[in-house]
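Everything below concerns the one structure shown next.
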Protein chains: 2
Amino acid sequence: MKFKKILVYNIDRSKNLDPKSWKTIESFGEKIAFVPKDSPKLKQELADTDCVLVAFGTVIGKEEINAASKLKYIGVMATAFGKIDTNYAKKKKVIVSNLKGYSTESVAEFIFAAILEQSRGLEEGKRRGKSGNYSEIGISANEIKDKIFGVIGLGTIGKRVAEIALGFGANVKYWSKNRKNDYEKKGIKYEALDKLIKEADYLSINLAQAKETEKIFDKNRFQKVKSGAVLINTAPMELVDIDGLELRLKKGDITFILDHSDEMSEKDLKTLLKYKNCIIYPPIAYVSKEAAENRRRIFIENIEGFLKGKPQNVVN
Amino acid sequence: MKFKKILVYNIDRSKNLDPKSWKTIESFGEKIAFVPKDSPKLKQELADTDCVLVAFGTVIGKEEINAASKLKYIGVMATAFGKIDTNYAKKKKVIVSNLKGYSTESVAEFIFAAILEQSRGLEEGKRRGKSGNYSEIGISANEIKDKIFGVIGLGTIGKRVAEIALGFGANVKYWSKNRKNDYEKKGIKYEALDKLIKEADYLSINLAQAKETEKIFDKNRFQKVKSGAVLINTAPMELVDIDGLELRLKKGDITFILDHSDEMSEKDLKTLLKYKNCIIYPPIAYVSKEAAENRRRIFIENIEGFLKGKPQNVVN
């Protein structure tokens, strides 16, 4: 079986996959079309497509689904799929597959990279070293060992973050919608969300974006964060109330680290950039070579699986 | 019991300990004298001292020990004591105590901080973020998981490095003078030194400085290092043959990270600084707040222990 028409929406052909992989994907359809983000042609292109492939953060709502009456499959080139109306897709018998776990390790390791970079003063240390200044005076550090390391959202990534934190000898606690007994047996303790926010020295936000998690980090919760704490959000910034974050950043006693994709407005970005205690990276959490290879492989396997009647990584 | 005279040699009173701690140390002797490094007064000051306190990297050889006929105790404000002739001290019934383990965690965590900073492209990422460029293009990364992580020297620090690497899911191997069965049971595998150097993706050098370990990383061994490997040396650079390192750095296919204290000559430093794939930090591996507190506490406890007839952390 083949698709009648594959519509590749909001994925840059030249940078997201290698030519060989695109060849493979082309072979899954009778024809293929590439449409950039917010193109006025989108609706017209949707009309006769049975397969839509989209990048991270692409909106596919009721409107788009309704415009694609022949749609059977949406392939997301990302783990997050919060901007796709998966319930409505299900109602319309459209299967949505994501790249579950493709970048788990890459993101989990980045979280420690970014936390340690900050808490070890590496930027200043490297600058001094390069200029031939080998004084350590004024560069201090905090150890992760024996500190409370909180993981908010014990999903695929959160679990790895918790395990690595255990390796560092941290007192690892988590909050998640559901209790995870197998992880509690490893010594990762469950804690109520507000209590965890209040007591953690390190907080890694690893929740999926959904209606109930939007702005879960609100003004009130940011005020509760422990003085001196380091927070890192590699999940979508929709989980965070920017005003609430700014109010706390102003106090100057916490650090907030994020890797920004395209989910924040220019205005919000400019607001956050003002604060030295807010470290904004490009979206480099997921960029490991291993993740890139997983992404390529799983994205293609998902399409193949669907065509063979064995859809995989279905999220709806 | 009190010392007749405490000689504080090569320790800067103003920066190494707080005033209260110096007060405590003063109370352990009838008098106290501070002598800077390479002072011409050293021999004269040694003549009537029974207690010498020294900083990291201070030379106390036969000559100094012979000059101090009343010497009973040498307190080292560091873990490393490679420049003290501990055997000759023992012969002269002088006890040498170090700060065993005071900075174990600080150094072990720094090793991962520095490795991850490099392999995640954080310097470039931060630069882009600060300038409002949120493109991840061109920033790649390697995961630690499933890679061969070699620990050379499974002492106090090496053991923690190995445990943290296990948390990251690495294939952890070690070489050490003696086999450590308890760590092998944890899944840390023993490997012959030359084989480990050849196959490791990450290599952490955690050997103590001694005659048999000097320049253990020679030209021949540097040539064996796997292409793409990241090496980090937080132990004294005396373990490394600088010419051999330079020869390999020239090939441009490995990264070497170190935190330089004062063990390298200006010439060697300048040589290494030429290479972009050699990252030189000031000695910031040991600087955590927790380590500073341990240092203060253990340094004083060592002196107290000796005076009470219960010397501790004796290295000879």
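Residue-wise test of (1) farther than 23 Å from residue A:136 by Cβ; (2) in contact with a strand residue (DSSP E or B) (Cβ under 7 Å, 6 or more places away or on another chain).
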residue: B:61; (1), (2): yes, no
residue: B:75; (1), (2): no, yes
residue: B:101; (1), (2): no, no
residue: B:104; (1), (2): no, no
| said: For the stretch B:205-225, check the following and say yes or no: at least one residue is touching a strand residue (DSSP E or B) at 6+ places or on another chain (Cβ under 6 Å), of a type in the set (Gly, Ala, Ser) and in the same structural domain as residue B:109 (by TED's automatic domain parsing). | reply: no
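Go through the stretch A:267-293 residue by residue and tally those that are touching a Gly at 6+ places or on another chain (Cβ under 9 Å) and either surrounded by fewer than 20 Cβ atoms within 10 Å (Cβ to Cβ) or free of Cβ contacts under 8 Å to residues at least 60 places away in the same chain (or both). Step through it out loud before you land on a result.
Our first condition is that a residue be touching a Gly at 6+ places or on another chain (Cβ under 9 Å); within the stretch A:267-293, this holds for A:269-270, A:273, A:275-277, A:279-282, A:284, A:287.
Narrowing further to those that are either surrounded by fewer than 20 Cβ atoms within 10 Å (Cβ to Cβ) or free of Cβ contacts under 8 Å to residues at least 60 places away in the same chain (or both): A:269-270, A:273, A:275-277, A:280, A:282.
Total meeting the criteria: 8.
In the stretch A:35-73, how many residues are of a type in the set (D, E, K, R), under 30 Å from residue A:284 (Cα atoms) and modelled with pLDDT of 95 or more?
Our first condition is that a residue be of a type in the set (D, E, K, R); within the stretch A:35-73, this holds for A:37-38, A:41, A:43, A:45, A:48, A:50, A:62-64, A:70, A:72.
Going one step further and asking which of them are under 30 Å from residue A:284 (Cα atoms), we end up with A:37-38, A:64.
Now narrow it down to the ones that are modelled with pLDDT of 95 or more: A:64.
Going through the stretch A:35-73 one residue at a time, the tally reaches 1.
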| said: Looking at the stretch A:154-166, can you tell me whether even one residue there is touching a residue at least 40 places away in the same chain (Cβ under 8 Å), part of a loop (DSSP other than H, G, I, E, B) and not assigned by TED's automatic domain parsing to the domain that holds residue A:65? | reply: yes
| query | Of all residues in the stretch A:114-131, how many are of a type in the set (Gly, Ala, Ser) and either within 15 Å of residue A:257 (Cα to Cα) or more than 7 Å from every other protein chain (Cβ to nearest Cβ) (or both)? | reply | 4
| said: Looking at the stretch B:248-262, can you tell me whether even one residue there is surrounded by fewer than 18 Cβ atoms within 10 Å (Cβ to Cβ), of a type outside the set (Ser, Thr, Tyr), in contact (Cβ under 8 Å) with a residue 60 or more places away in the chain and over 23 Å from residue B:143 (Cβ atoms)? | reply: yes
| query | When the residues of the stretch B:162-193 are filtered to those that are within 19 Å of residue B:105 (Cα to Cα) and either away from chain A (no Cβ under 14 Å) or of a type in the set (Phe, Trp, Tyr) (or both), which remaining residue is surrounded by the fewest Cβ atoms within 10 Å (Cβ to Cβ)? | reply | B:183
| query | Restricting the search to the stretch A:33-65, which residues are without any contact (Cβ under 8 Å) to a residue 24 or more places away in the chain and either surrounded by 15 or more Cβ atoms within 10 Å (Cβ to Cβ) or not in a loop (DSSP other than H, G, I, E, B) (or both)? | reply | A:44, A:63, A:64
| message | Regarding the stretch A:231-245, can at least one residue be identified that is surrounded by fewer than 20 Cβ atoms within 10 Å (Cβ to Cβ), farther than 30 Å from residue A:25 by Cβ and of a type outside the set (D, E, K, R)? | response | yes
| field | Unmet criterion (only one of (1) of a type outside the set (Ser, Thr, Tyr); (2) within 14 Å of another protein chain (Cβ to nearest Cβ); (3) out of contact with any Asp or Glu (no Cβ under 7 Å at 6 or more places or on another chain)) for residue B:76 | value | (2)
| Members of the stretch B:123-146 found to be over 30 Å from residue A:272 (Cα atoms) and either within 25 Å of the chain's Cα centre (by Cα) or of a type in the set (Ser, Thr, Tyr) (or both), listed by number | B:144
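Would you call residue A:312 closer than 30 Å to residue B:146 by Cβ, among the polar types (S, T, N, Q) and surrounded by fewer than 21 Cβ atoms within 10 Å (Cβ to Cβ)? Explain how you work it out, then say what you get.
Values: closer than 30 Å to residue B:146 by Cβ: yes; among the polar types (S, T, N, Q): yes; surrounded by fewer than 21 Cβ atoms within 10 Å (Cβ to Cβ): yes.
Against the criterion (closer than 30 Å to residue B:146 by Cβ, among the polar types (S, T, N, Q) and surrounded by fewer than 21 Cβ atoms within 10 Å (Cβ to Cβ)), residue A:312 qualifies.
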| remark: Flagged in the stretch A:108-150 as farther than 21 Å from residue A:187 by Cβ and either of a type in the set (Phe, Trp, Tyr) or outside the structural domain of residue A:169 (by TED's automatic domain parsing) (or both), in numbering order, are A:110, A:134
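Give the number of residues within the stretch B:13-32 that are assigned to a loop (DSSP other than H, G, I, E, B) and over 12 Å from residue B:53 (Cβ atoms).
Filtering the stretch B:13-32 for residues assigned to a loop (DSSP other than H, G, I, E, B) gives B:17-18, B:27-28.
With over 12 Å from residue B:53 (Cβ atoms) added as a condition, the list becomes B:18, B:27.
Total meeting the criteria: 2.
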| request: May I ask you to list the residues in the stretch A:80-113 that are facing another protein chain (nearest Cβ under 7 Å) and in contact (Cβ under 8 Å) with a residue 24 or more places away in the chain? | output: A:105, A:106, A:109, A:110, A:112
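State whether the residues of the stretch A:194-202 include one that is within 14 Å of chain B (Cβ to nearest Cβ) and either part of a loop (DSSP other than H, G, I, E, B) or in contact with a strand residue (DSSP E or B) (Cβ under 6 Å, 6 or more places away or on another chain) (or both). So that I can check it myself, show each step before the final result.
Kept after step one, since they are within 14 Å of chain B (Cβ to nearest Cβ), are these residues of the stretch A:194-202: A:201-202.
Filter again for either part of a loop (DSSP other than H, G, I, E, B) or in contact with a strand residue (DSSP E or B) (Cβ under 6 Å, 6 or more places away or on another chain) (or both), leaving A:201-202.
Yes, that holds for at least one residue.
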| query | Looking at A:12, A:38, A:48, which is the one that is of a type outside the set (A, V, I, L, M, F, W, C) and touching a Pro at 6+ places or on another chain (Cβ under 9 Å)? | reply | A:12
| In the stretch A:144-161, which residues are surrounded by 23 or more Cβ atoms within 10 Å (Cβ to Cβ) and at the interface with chain B (Cβ under 9 Å from one of its Cβ atoms)? | A:144, A:160
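The values are calculated or read from the model by the stated rules, or taken from the named source; none is laboratory data. Only a predicted model underlies this, so the values are computations on that prediction, with no experimental measurement involved. FYI the Cβ positions are ideal-geometry reconstructions off the backbone, even for glycines, and counts take in every protein chain you see.
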